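Read the structure below first, then the notes.
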Amino acid sequence: MRRRARRHPIRRWLIRLAVGLVGVVLVGGALSYGWLRTSLPQTAGRLVLPGLQHEVSVYRDRDGVPHIFAADEPDAYFGLGFVHAQDRLFQMDFQRRLGAGRLAEVLGSSVLSVDRTMRTLGLYRAAEASVESLSPPVRQALDAYARGVNAFLATRGGALPPEYYLLCTAPEPWRPADSLVWGRLMALTLSGNWRGEALRARLAQRLSVQQLDDWYADDNYAGPITLPPSIEKSQATDDLFARALAALPDVIRPRTASNVWVVDGRQTRSGKPILANDPHLGFAAPGIWYLARITTPGWSIEGATVAGVPFHLLGQNGRIAWGLTTTGADTQDLFVEHVAQGDPNEYETAGGPRRFETRTETIRVRGGDDVVITVRATRHGPVISDVEASAAAIATDRSVVALAATGLLPDDRTADAFYGMNHATDWDAFTAALGHFDSPVQNVFYADRTGSIAMMTPGRIPIRRSGDGFMPAPGWDDSAEWDGFIPFDRLPRRLNPIEGLLVNANNRLVGPDYPYFISREWDMPYRAERILEVLHETHNQTLASHLALQHDAVSPMTAELLPLMLAHVGHGERAGHAARLLASWDGRMIRDRPEPLIFVEWLRALDRDLFADELGDLFPQMWDLHAKLIARTLRNETAWCDDVSTPAPESCAEQVARALEQALDALTSRYGSDVATWRWGVAHQARHDHPILNRIPVLRDLGDLSIAADGGNDTVNRGAMRVANPDHPFADIHGPGYRAVYDLADPDASMFEIATGQSGNPLSRHYGDFLERWRDGLARPLTGTPAALSADGAELLILAPR
């Protein structure tokens with residue numbers, strides 16, 4: 001007993017020590033959390049700042065949206081830079097590091113390949129060169145915006161956003177080129193044809209010419225065409241280029257989509273135009289879009305900005321409204337260059353050998369030695385086969401691959417275009433602004449208070465001497481050179497169409513007799529068809545009816561495919577039950593129903609069963625819901641239905657029935673055997689992942705946002721998936737992060753949605769407070785006088801000149 005008594009003090013001491021350590025950890029955690037909370041912006045009071053000429057009033061409403069009232073434009077742009085930095089500093093910093101090829105400085109060698117690619121492409125160098133080509137008002141706006149960002153950096157009193165402490169880094173001063181590099185990144189993202197060329201070159205080795213033509217069959221003339229046929233025949237396509245190219249770096253995986261439509265006053269209850277727009281980009285937290293309103297004595301504007309950029313990319317200014325969709329124009333070409341015989345520093349051209357242009361880039365790597373690379377370029381552009389080992393292996397020591405891209409040209413003046421669009425008050429001024437729009441090529445829709453509606457497709461679209469950029473081109477001769485760009489006055493456009501409406505959802509833009517080549521790769525026509533169907537059926541249209549259309553979840557794909565698929569269902573009890581559910585389904589991709597889940601898994605399995613045997617190791621890159629190709633296959637009983645890896649031929653009926661059984665097996669293993677409990681929204685979560693916190697298990701829940709969502713790949717309310725993902729094939733990863741409907745009868749009544757929240761700080765209540773409202777279509781206006789904003793609970797921050 002005495003021995004046990006001697007042990008009790010030791011136990012008590014250990015318990016006290018443990019309690020003390022836990023207390024220290026808790027107190028330390030509380031203090032750390034309290035310190036990090038000081039990274040949230042000051043939204044009320046008065047700040048004296050360098051770089052201002054007059055006071056700027058920033059009213060932040062209940063959702064954290066800034067309403068900036070300034071005496072002149074430079075001070076207004078200063079205010080926008082300041083609030084962007086307050087709310088989205090790390091996002092701004094991260095995107096400029098990406099564009100400059102400087103991620104390895106903070107993330108280490110794991111992202112070295114990304115930095116190599118960005119340095120090789122020279123996006124930041126091109127952005128720096130663009131600054132010099134811009135007009136004085138745009139330079140002034142960029143400078144004022146940078147002063148606003150830097151005023152925040154110089155005067156902030158609390159902690160930096162949490163990501164900086166995780167990465168042990170700090171932001172640098174902001175420069176005008178930091179704002180322009182975002183546009184270069186978007187040009188790369190929205191004009192990703194170079195990856196398509198490389199993949200098609202590899203497919204050409206594996207598939208026959210007939211199979212390749214079938215895979216890329218251009219059957220979209222049967223769907224809606226935004227502009228009717230004009231006068232001349234399109235350029236002919238070139239022969240397939242035989243040389244294969246390995247997979248290119250997966251820096252930015254292009255997935256592009258958007259909806260935009262405009263109707264004139266004959267269709268609306270108000271008698272004035274209504275314009276609706278929802279651009280689709282990859283989801284992330286924070287989202288790409290930031291709502292803001294600016295008011296000066298002579299100008300006002302409201303809508304969508306991007307943190308790091310001083311101009312409104314989408315919005316209305318009281319006189320006009322505009323929206324954008326991606327054209328899908330082919331503005332990138334790969335050129336295979338022959339290295340000159342006997343001199344590795346030269347390459348062959350039709351006029352004789354030329355020396356590679358070279359420069360040295362030094363990449364700093366956190367936790368490692370600096371990496372020095374030599375970037376080579378030919379007359380066509382940077383040598384991208386130097387970036388990727390697999391590309392270099394195929395290029396061999398006698399050939400390299402160079403990229404020609406309009407988004408890499410140094411004299412880009414798209415910033416001038418957005419500045420002019422922001423300030424235009426009529427179609428003539430707006431068109432003049434579009435004359436500076438270089439890259440990426442976009443479909444720009446327009447409406448004004450006088451009742452006009454219009455659209456135009458501005459941007460540099462190359463005129464090729466031959467071919468259409470479908471495959472890599474020979475660089476050693478001049479056969480596929482670019483002979484300039486489509487003249488501005490010949491670019492697609494339409495003013496006040498007799499039909500009273502214009503629609504584009506990335507569908508075919510022009511008819512087969514348009515005299516210039518734009519693209520071979522238009523999106524499927526389903527969304528455009530559905531938009532036109534609803535608009536034609538709706539009379540006395542209002543803001544509410546257009547908002548409802550933006551959230552429409554009807555899948556036109558099901559109407560085309562389900563009759564073909566259900567015709568081949570087997571007689572088993574489980575398959576029969578699934579078939580009956582689908583046969584009575586209205587095709588709406590609603591989150592609380594099982595039918596969307598059954599249909600998409602069935603189509604996913606069928607795509608694999610039809611095409612994986614022919615495509616082999618390329619299939620994972622091609623795996624998608626190829627609705628048009630599958631419909632043609634089932635209608636025509638084509639050879640795709642036969643599995644070439646088996647001795648006996650398979651019919652389309654066998655493949656369809658087998659795919660349904662496979663789909664039901666997969667769904668049962670994931671969600672249980674009771675079909676009545678399956679829900680599309682369980683699988684189809686709109687995922688907005690934080691680029692840094694998502695990599696850290698403990699902090700992932702703090703930074704990532706997700707919500708069960710309606711929609712699918714082909715619905716107006718688009719919720720795109722990457723079905724090749726083995727873990728989350730139905731996750732909603734790409735869609736309308738911004739929605740707006742503009743009523744030109746009362747522009748102040750225009751309604752807006754963004755997907756996550758205004759803040760990029762995970763500790764802020766505005767980090768994800770829009771998410772549920774965005775999913776459910778609860779849009780809001782951006783309006784109010786200072787008195788009305790104050791009465792509604794807005795906080796006022798005065799930015800005063802020093």
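Quick notes
- Out of T349, T406, T362, T358, sole residue that is under 22 Å from A104 (Cα atoms) and at pLDDT 95 or above: T362
- Taking strands (runs of 3 or more DSSP E) as the structural unit, those lying wholly within region 273-345 and holding at least 2 residues that are open to solvent by less than 10 Å² (accessible area, probe 1.4 Å), over 18 Å from F770 (Cβ atoms) and at pLDDT 95 or above correspond to 274-282, 320-326.
- Annotation: of all residues in region 661-684 being of a type in the set (S, T, Y) and in a helix (DSSP H, G or I), the one that is farthest from F619 (Cα to Cα) is T677.
- Lone qualifier among L549, L561, L532 - being open to solvent by 10 Å² or more (accessible area, probe 1.4 Å), assigned to a helix (DSSP H, G or I) and in contact (Cβ under 8 Å) with a residue 40 or more places away in the chain: L532
- Every condition in (1) within 30 Å of Y216 (Cα to Cα); (2) more than 23 Å from the chain's Cα centre (by Cα); (3) not charged (D, E, K, R) is met by G158 except one, and the failing one is (1).
- Residues satisfying the stated conditions in region 73-86, i.e. open to solvent by 10 Å² or more (accessible area, probe 1.4 Å) and over 11 Å from A141 (Cα atoms): Q86
- Filtering region 398-430 to residues that are open to solvent by 40 Å² or more (accessible area, probe 1.4 Å) and touching a His at 6+ places or on another chain (Cβ under 6 Å) leaves only R413.
- Residue in region 677-689 that is out of contact with any strand residue (DSSP E or B) (no Cβ under 7 Å at 6 or more places or on another chain) and open to solvent by less than 10 Å² (accessible area, probe 1.4 Å) present: yes
- Single residue of region 100-115 satisfying the filter (aliphatic (A, V, I, L, M) and outside any loop (DSSP other than H, G, I, E, B)) that is surrounded by the fewest Cβ atoms within 10 Å (Cβ to Cβ): L112
- Screening region 366-382 for residues that are open to solvent by 20 Å² or more (accessible area, probe 1.4 Å) and either part of a loop (DSSP other than H, G, I, E, B) or of a type in the set (S, T, Y) (or both) and picking the one that is nearest to L98 (Cα to Cα) gives R366.
- Residue pairs meeting the criteria (Cβ under 6 Å; at least 6 apart or on separate chains; first under 16 Å from G323 (Cα atoms) and of a type in the set (D, E, K, R), in region 494-520; second part of a loop (DSSP other than H, G, I, E, B) and at pLDDT below 95): R494/L227
- Single residue of A755, A800 found to be surrounded by 17 or more Cβ atoms within 10 Å (Cβ to Cβ), on the phi < 0 side of the Ramachandran plot and aliphatic (A, V, I, L, M): A755
- Test: L610 is more than 28 Å from the chain's Cα centre (by Cα) and surrounded by 19 or more Cβ atoms within 10 Å (Cβ to Cβ): yes
- Candidates G735, G712, filtered to the one that is open to solvent by less than 10 Å² (accessible area, probe 1.4 Å), touching a Ser or Thr at 6+ places or on another chain (Cβ under 8 Å), within 24 Å of S258 (Cα to Cα) and not in a helix (DSSP H, G or I): G712
- Within region 116-135, the residues that satisfy the criterion of being farther than 21 Å from H380 by Cβ and either within 23 Å of the chain's Cα centre (by Cα) or assigned to a helix (DSSP H, G or I) (or both) are E128, V131, E132, S133.
- Within region 449-459, restricting attention to residues that are among the β-branched types (V, I, T) and not in a strand (DSSP E or B), the residue that is most open to solvent (accessible area, probe 1.4 Å) is T450.
- Considering residues of region 753-797 that are assigned to a loop (DSSP other than H, G, I, E, B) and of a type in the set (F, W, Y) only, the residue nearest to A284 (Cα to Cα): Y767
- Strands (runs of 3 or more DSSP E) completely within region 460-515 that count 3 or more residues being at pLDDT 95 or above and open to solvent by 10 Å² or more (accessible area, probe 1.4 Å): 482-485, 493-495
- Applying the set (1) more than 28 Å from the chain's Cα centre (by Cα); (2) at pLDDT below 95; (3) surrounded by 23 or more Cβ atoms within 10 Å (Cβ to Cβ) to R574 leaves exactly one unmet item: (3).
- Just one of the listed residues (R632, R658) is under 23 Å from G223 (Cβ atoms), assigned to a helix (DSSP H, G or I) and open to solvent by 30 Å² or more (accessible area, probe 1.4 Å), and it is R632.
- Of the numbered criteria (1) in contact (Cβ under 8 Å) with a residue 24 or more places away in the chain; (2) over 22 Å from A198 (Cβ atoms); (3) of a type outside the set (S, T, Y), the one E637 fails is (1).
Residue by residue, here is whether (1) of a type in the set (K, R); (2) under 30 Å from G451 (Cβ atoms) holds:
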| residue | (1), (2) |
| --- | --- |
| G511 | no, yes |
| S519 | no, no |
| R527 | yes, yes |
| L532 | no, yes |
| Q541 | no, yes |
| A548 | no, yes |
| A553 | no, no |
| R574 | yes, no |
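- Only a single item in (1) surrounded by fewer than 21 Cβ atoms within 10 Å (Cβ to Cβ); (2) at negative phi is not met by R97, and it is number (1).
- The single condition among (1) out of contact with any Pro (no Cβ under 9 Å at 6 or more places or on another chain); (2) aliphatic (A, V, I, L, M); (3) open to solvent by 30 Å² or more (accessible area, probe 1.4 Å) that A605 does not meet is (3).
- Subset tally (residues that are among the hydroxyl-bearing types (S, T, Y) and exposed (fewer than 12 other Cβ atoms within 10 Å of the Cβ)) for region 346-365: 3
- Residue in region 426-448 that is at pLDDT below 95 and part of a strand (DSSP E or B) present: no
- Test: residue in region 142-149 that is at positive phi and open to solvent by less than 10 Å² (accessible area, probe 1.4 Å): no
- Check on E163, charged (D, E, K, R) and either open to solvent by 40 Å² or more (accessible area, probe 1.4 Å) or closer than 23 Å to I384 by Cβ (or both): no
The values are calculated or read from the model by the stated rules, or taken from the named source; none is laboratory data. Small disclaimer: the values here were computed from a predicted structure and weren't measured. For neighbour counting, all protein chains shown are included, and Cβ atoms are generated from backbone atoms with ideal geometry for every residue, glycine included. Surface areas here come from the heavy atoms of the whole protein model, side chains and all, with no ligands, DNA or RNA. Shrake-Rupley method; radii C 1.70, N 1.55, O 1.52, S 1.80 Å.
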